1. Based on alpha-carbon positions alone, could you give the equivalent ellipsoid semi-axes of the stretch 86-127 from the gyration tensor, as √(5λ), descending, whole Å?
2. What accessible area per residue comes out for the stretch 256-341, rounded to a whole number of Å², with a 1.4 Å probe?
3. Taking the Cα atoms of the stretch 19-111 alone, what are Rg (to one decimal) and Dmax (as a whole number) in Å?
4. In what sequence, highest mean first, do 291-298, 332-339, 237-244 appear when ranked by Cβ atoms within 10 angstrom?
5. With +1 on the Cβ of every Lys and Arg and -1 on the Cβ of every Asp and Glu, and nothing else charged, how large is the dipole of the chain about its Cα centre, in debye rounded to the nearest 20?
6. Assuming R0 = 51 Å, can you tell me the calculated FRET efficiency for the pair residue 175 and residue 19, based on Cβ-Cβ distance, to the nearest 0.05?
7. Taking a 1.4 Å probe, which of 323, 217 shows the most accessible area, and what order do the others take after it?
8. With 19 Å as the limit, write out which pairs from 253/339; 177/315; 58/144; 125/173; 125/253; 275/339 have Cα-Cα distances beyond it, or answer none.
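The values are calculated or read from the model by the stated rules, or taken from the named source; none is laboratory data. Quick caveat, the model's predicted, so the values are computed rather than measured. With ideal geometry, Cβ positions are generated from the backbone for all residues, glycine too; neighbour counts draw on all protein chains shown. Keep in mind that these areas ignore ligands, DNA and RNA; they rest on the heavy atoms of the full protein, side chains included. Shrake-Rupley method; radii C 1.70, N 1.55, O 1.52, S 1.80 Å.
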Amino acid sequence: MGLVDWAIYIPNNFVTAEEIAKETIIHGIDAKILREKFGIVRKCISDPDEHVSDMCVKAAKMLLNKTSLDPLDIDIIVYNGSQFTDYYVWPVAPEVQYRIGAENAWCYDLHALCFGGPLALYQVKTLLLSDDSWENALIVSGTKESYLINYRDRDTSFMWDFADGASAVWLKKGYKKNRILSGFFVTDGYYNHVYNNSGSKGLLSDLPKEKMRYIGVAKNHREKMTKPRKGYRDFRELSKSNFVRVIRESVRKSGYRDEDIDYVALLHLIPSFRKQILGELGLNESQHSSSLDEYGHLQSTDWILSLDLGVREGKVREGSLVVAVGAGTGFSWGATAIKWG
């Protein structure tokens, strides 16, 4: 089972740290702090009328145009991006199927937030292997969550890097290159209510109408995030441990060791935190791509953007052991190993 090819759609618009700082300066956070502490040099922003399905279709068509994949040969389409889509309670995968002409494919949406990338890789690999009649799968991901961010809310600063974009990945059964290996996943539901938005659980009536479009945090979020749990000092320490755990276990299950890892396709994280994760694994800054700081956090597209940057920067080469890594609110962490070449 291999990863044949991919395409990434990046909107034409970018907002820079200097522009964001015009709003965050009320918290004492200037452009220098955004760049150095938050890892935000700039981030990509979609047009107001450019929705998640539109970006996913663009990415899928880019992939089809650069490869030999016939839309009619696609057996499965999986959308694993943001739940903030064109409409409420609306699936994206069937829209992509219709608009690219993949009429033989069956489809579903996988809602796993920002750890959906490595999860979809492993799940779709397992799915293709489960039925002899399925050969080709298309995994599409998209996000427009930059529109949910309120820079004047200091409590949501860990989401200020949210950006927009989409990706499409082609997996093929029997493909001998870029083999998808094993994955490992962890969830701690204790943190599920730290993040929230307007919804049916009484929140629609509790929030002023002008605040309903923004992602928010629970009133007790600081207490939960700073409280010791499972032997760790706070959420940051627990999260770092789980990042290391899923990477290490996905590699171990694939028959390798920490020292065999060549490249980690991380989601966008603040520089100090990603450095700690790499350090715990005995890895260095050259074994991931800090160029994500030029794009922002594209949800489940981060891992494939990181891989793409790693290939272009010469960090991912023939024989490299790559680990796709994600983590999302809920809270869940996941990793899937790939043997490149």
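1. Rounded to whole Å, the semi-axes are 20, 16, 7.
2. 31
3. Spelled out, the Cα radius of gyration and Dmax of the stretch 19-111 are 18.2, 54 Å.
4. Those peptides, ordered most packed to least, come out 332-339, 291-298, 237-244.
5. Value, rounded to 20: 1100 debye.
6. Efficiency at R0 = 51 Å is approximately 0.75.
7. 217, 323
8. 275/339
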